[in-house]
Amino acid sequence: MRADLAARLGPIKWDLVPLWSVAPRVVNKNIGLVENNLLSLSYGRVIRKEIDAVGGLRPESYETYNIVEDGDVVLRMTDLQNDKKSIRVAQASERGLITSAYITVRPDASKTDPRFIAAVLRAYDIQKAYYEMGAGVRQNLGYAELIDLPIPLPPRETQRYIADYLDRETDEIDAMIARMDELARVLEDRRRRSIDNSFAAVAKTAPLWALTAGVIDCPHTTPQLDEAGPAEAVRTASVRSGKYVAGKGIAVSLETARQRNGAFPPRPGDLFFTREAPAGEVALVPKGIFCLGQRMVLIRVDPEVTDSRFLLYAMCTKSVRDEFRLSAGGSTVPNLKLGTIRATRIPFAALADQQRIADQLDEVTSRIDAMLAKVAELKSLLTERRAALITDLVTGRKEVA
């Protein structure tokens, strides 16, 4: 067994057994399309999907999919080096079919409580053990790499007590997290309405190109990663809800940034804009050394014509967002063409009025953003509490009261 992986969980009270001895892999192809309840792994849960839904990637045949049963544990061991934040383990609560790209194991109910095994596999996920197993050039793991994963195995009755306790406690934590998510949605909606209300009296519009000193496309190549690089190639994940999100880009060298930027290195006062995945997100460029990753656009603001804050808020109004959404439609992956972006009409006013509106919105949105930050902090604490509880219980460091 992999003692180094068990060490990721910390001190363990019980004996360890290899995964294969308590949870063998299940390979049960949907031959003859006998099952049509399509399932998917999403945010640590196995959820239903509409099998006849239009859009998205669909297989040639669902006969290649795997049939899972209530209690089976699904592990997504793909793209380990590029995606280090997803929750990769979940337990099925019903029969259905799921992509065979995922690994499905079936805990032996004669030896285990399946919920306990699911919790152990989630604990390894929490401690990022799967990423360690996929270190180097390896992007995916198969069941062969998981068979010797050490599984703590207390008496079955103890497993049941722990699983029951985890069900109660995590349900309560999940309910509080859901309330935080709902509060965040309310605040985000208030932020959007504040922006729309501030532009209600702005009657003039102009094409984006007329308000800027340039709308510059990105190089259509993947930036070369340099983990020690001081510059950041900004990706679409770096731009959300009118704000730049730190840490979502790719670290690159100064030379890579220089080559990708050409004559237009991003600078404070410019705007980042996403062409797809998703299309139409915008944010002010902060201080730092940046270049554009794929599917990104740089908007260089002409300060003699436009206040960059005003332009940011204008591009966040419902009318402009709707225009971008309509322009990006008609394909499997919504995409905005550079000419469309340049030609999109944007609310426009005299420079003094722009600055007045931007000042007012800065004050309003800063208060809302402070509340959103507090909600995010509380949600993070709840998530950490949930993770610590799972790990402490499945290792025996915390006993069930």
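Of all the numbered requirements in (1) touching a helix residue (DSSP H, G or I) at 6+ places or on another chain (Cβ under 7 Å); (2) not in a helix (DSSP H, G or I); (3) not aliphatic (A, V, I, L, M), residue 140 misses one, and that requirement is (1). With respect to the conditions (1) within 30 Å of residue 174 (Cβ to Cβ); (2) modelled with pLDDT of 95 or more; (3) in a loop (DSSP other than H, G, I, E, B), residue 349 lacks only one, and its number is (1). When each of 348, 273, 264, 290 is tested for being of a type in the set (Phe, Trp, Tyr) and in contact with a Pro (Cβ under 6 Å, 6 or more places away or on another chain), the lone residue that passes is 290. The numbered conditions (1) surrounded by fewer than 19 Cβ atoms within 10 Å (Cβ to Cβ); (2) at pLDDT below 90 are all true for residue 64 except (2).
Pairing each residue of region 221-238 that is surrounded by fewer than 22 Cβ atoms within 10 Å (Cβ to Cβ) with any residue that is not in a loop (DSSP other than H, G, I, E, B), provided the two are 6+ apart or on different chains, yields C-beta distances under 6 Å for 224/256; 225/250; 226/251; 226/252; 227/251; 229/251; 229/252; 236/274. Residue check: residue 25 meets all listed conditions (1) touching a residue at least 40 places away in the same chain (Cβ under 8 Å); (2) out of contact with any strand residue (DSSP E or B) (no Cβ under 9 Å at 6 or more places or on another chain); (3) charged (D, E, K, R) but one, namely (2).
Residue-by-condition table, conditions (1) buried (at least 19 other Cβ atoms within 10 Å of the Cβ); (2) without any contact (Cβ under 8 Å) to a residue 60 or more places away in the chain; (3) assigned by TED's automatic domain parsing to the domain that holds residue 75:
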{"position": "87", "(1), (2), (3)": "no, yes, yes"}
{"position": "90", "(1), (2), (3)": "yes, yes, yes"}
{"position": "102", "(1), (2), (3)": "yes, no, yes"}
{"position": "107", "(1), (2), (3)": "yes, no, yes"}
{"position": "110", "(1), (2), (3)": "no, yes, yes"}
{"position": "113", "(1), (2), (3)": "yes, yes, yes"}
{"position": "118", "(1), (2), (3)": "yes, yes, yes"}
{"position": "127", "(1), (2), (3)": "no, no, yes"}
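Can you spot a residue in region 244-266 that is more than 21 Å from residue 223 (Cα to Cα) and assigned by TED's automatic domain parsing to the domain that holds residue 223? Checking region 244-266: not a single residue is more than 21 Å from residue 223 (Cα to Cα) and assigned by TED's automatic domain parsing to the domain that holds residue 223.
Yes or no: residue 178 among the small types (Gly, Ala, Ser), touching a residue at least 24 places away in the same chain (Cβ under 8 Å) and in the same structural domain as residue 396 (by TED's automatic domain parsing)? So residue 178 does not fit the description; no.
Here's the yes/no breakdown for (1) in contact with a Pro (Cβ under 8 Å, 6 or more places away or on another chain); (2) assigned to a helix (DSSP H, G or I); (3) crowded, with 18+ Cβ neighbours inside 10 Å:
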position: 342; (1), (2), (3): yes, yes, no
position: 354; (1), (2), (3): no, yes, yes
position: 358; (1), (2), (3): no, yes, yes
position: 361; (1), (2), (3): no, yes, yes
position: 364; (1), (2), (3): no, yes, no
position: 373; (1), (2), (3): no, yes, no
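Hey, does region 210-220 have a residue that's of a type outside the set (A, V, I, L, M), on the phi > 0 side of the Ramachandran plot, in a loop (DSSP other than H, G, I, E, B) and surrounded by fewer than 16 Cβ atoms within 10 Å (Cβ to Cβ)? No, there is no match, as no residue in region 210-220 is of a type outside the set (A, V, I, L, M), on the phi > 0 side of the Ramachandran plot, in a loop (DSSP other than H, G, I, E, B) and surrounded by fewer than 16 Cβ atoms within 10 Å (Cβ to Cβ). Filtering region 341-356 to residues that are in contact with a Phe, Trp or Tyr (Cβ under 6 Å, 6 or more places away or on another chain) and over 17 Å from residue 319 (Cα atoms) leaves only 354. Comparison of 117, 151 shows that the only residue that is assigned to a helix (DSSP H, G or I), more than 23 Å from the chain's Cα centre (by Cα) and under 26 Å from residue 79 (Cβ atoms) is 117.
Residue by residue, here is whether (1) in contact with a Gly (Cβ under 9 Å, 6 or more places away or on another chain); (2) buried (at least 23 other Cβ atoms within 10 Å of the Cβ); (3) of a type in the set (Phe, Trp, Tyr) holds:
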{"position": "241", "(1), (2), (3)": "no, no, no"}
{"position": "253", "(1), (2), (3)": "yes, no, no"}
{"position": "258", "(1), (2), (3)": "no, no, no"}
{"position": "262", "(1), (2), (3)": "no, no, no"}
{"position": "266", "(1), (2), (3)": "yes, yes, no"}
{"position": "278", "(1), (2), (3)": "no, no, no"}
{"position": "285", "(1), (2), (3)": "yes, no, no"}
{"position": "295", "(1), (2), (3)": "no, no, no"}
{"position": "304", "(1), (2), (3)": "no, no, no"}
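Within region 338-359, the residues that satisfy the criterion of being touching a residue at least 60 places away in the same chain (Cβ under 8 Å) and farther than 25 Å from residue 191 by Cα are 338, 342, 343.
The values are calculated or read from the model by the stated rules, or taken from the named source; none is laboratory data. Predicted model only: the values in this text are computed from it and were never measured. Glycine gets a Cβ as well: all are built from the backbone with ideal geometry, and neighbour counts include every protein chain shown.
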